1. With label points built 7 Å along Cα→Cβ from the Cα atoms of V228 and V291, find their separation and express it in nm.
2. I want the local charge near N29. Using Cβ-Cβ distances under 15 Å, sum +1 for each Lys or Arg and -1 for each Asp or Glu among the other residues.
3. Assuming R0 = 22 Å, what is the FRET efficiency of T167 and I61, from their Cβ-Cβ distance, to the nearest 0.05?
4. Among P30, P123, P308, determine the one that fluctuates most according to a GNM of the chain built with springs between C-alpha atoms less than 10 Å apart.
5. Quick one: with all protein chains in place, what share of the accessible area of region 120-196 is carbon or sulfur, to the nearest percent (1.4 Å probe)?
6. Among [x] 19.3; [y] 17.9; [z] 16.6, only one was calculated for this model; which label is it, if the read-out is mean projected area of the Cα convex hull in nm²?
7. Using 12 Å as the cut-off for backbone N distance, which residues of region 207-231 belong to the label zone defined by a point 7 Å from the Cα of F152 along Cα→Cβ?
8. Could you point to the residue in L165, V228, L277 farthest towards the positive end of the chain's charge dipole, with +1 and -1 charges on the Cβ of Lys/Arg and Asp/Glu respectively?
Amino acid sequence: MTPILSNNYYVNFQEDAYKKLNSFVANYNPSIIFVLVDENTNENCLPILLQQLECKAIIEIIEIESGEENKNLDTCSGVWHAFTELGADRKSLLINLGGGVITDLGGFVASCFKRGIAFVNIPTTLLSMVDASVGGKTGVDLGVLKNQIGLFSDPQMVLIDTTYLETISERELRSGLAEIIKYGLSYDIKLWNEIINYKGLSINNIKKLIHRSVEIKNEVVTKDPKEVGLRKILNFGHTLGHAVESYFLETETKEKLTHGEAIVIGMITETFISQRLLNFPENKLAEIKEVLLKIYGKITIEPADYQPILDLLIHDKKNVGGKVNFVLLSDFEKFKLDCKVEKELLIAALDFYNA
């Protein structure tokens, strides 16, 4: 697959990506290579990487606990202390091997340590391949509030190898599919048309969907790297979706959702809002709900859950002046940014999801 240039770095694919990685390591000549993993990628993905990595540098493995609940400053502090104890310096290289938690947190950790060391992202989940691989966003959560602390910082390169997808569950594959669906609804209807006939994902049929998704995100972030305009379309489904995700994460009586499962709720509810405010076609709204519920099933959201979910909306990082900003659609591929939505309509949207 053709490499994709994003700002000052390349997203490289499959076997060619390891050649590019080894070439970079040879030229950069790092003092130490750190590989950041969680318990899952340490066991399942690290052996694949080490078999491909050709270098003479010392390699140190730093493991953190998996899960969104560990994407916080306490975990960052642990990694920074590990760097110090293992003799990291400004010529060290960090390879982030994992899903979005690893690449988001790892990029943030590298960008702050000694005012910045080089890092490479190797996403190992579908979600991180199509979303976190491009755009330069790094960061961590503040409590259950997602991505409140962070900065824009580009890796030296991104390596995408679909071999790693063989190490994750079907549920995690579906989680990543939600981001591809987002691109299809808001930017490229061809992706949506392929997903309508969803019969399960395989590693073979996902490669071109990944490449096109990375192309789309790169097209958007290249035009608007700091999210002042066009890049906001990438937030479709994420405003209510993030609030739902945070609520299920912090509520002991709820089973936590994957990111994709929450974003699906966000896409259904925000398309309903789009229909009410921007006349998004009703037949297409019905199609979206039917297809998404067929793939993901229905999550139970009780009326008693509504208010705490809406309370979390006020902390969304896209808000300005205390106002919640939504990306809405007037049709497939036709979007409107910075839409304000009244509380009554938000409740109606959650009712629509439950109906």
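The values are calculated or read from the model by the stated rules, or taken from the named source; none is laboratory data. These numbers come from a predicted model, not from an experiment. In this analysis, Cβ positions are derived from the backbone assuming ideal geometry, glycine residues included, and neighbour counts consider all displayed protein chains. These accessible areas exclude ligands, DNA and RNA; they are computed on the full protein's heavy atoms, side chains included. Shrake-Rupley method; radii C 1.70, N 1.55, O 1.52, S 1.80 Å.
1. Here the modelled spin labels are 3.5 nm apart.
2. My count for the surroundings of N29 gives +1.
3. For R0 = 22 Å, the calculated efficiency reads 0.85.
4. Highest fluctuation among the options: P308.
5. Within region 120-196, the accessible surface is 49 percent carbon and sulfur.
6. Structure-derived value, by its label: [z].
7. Within reach of a label on F152: 221-231.
8. Toward the positive end, the furthest listed residue is V228.
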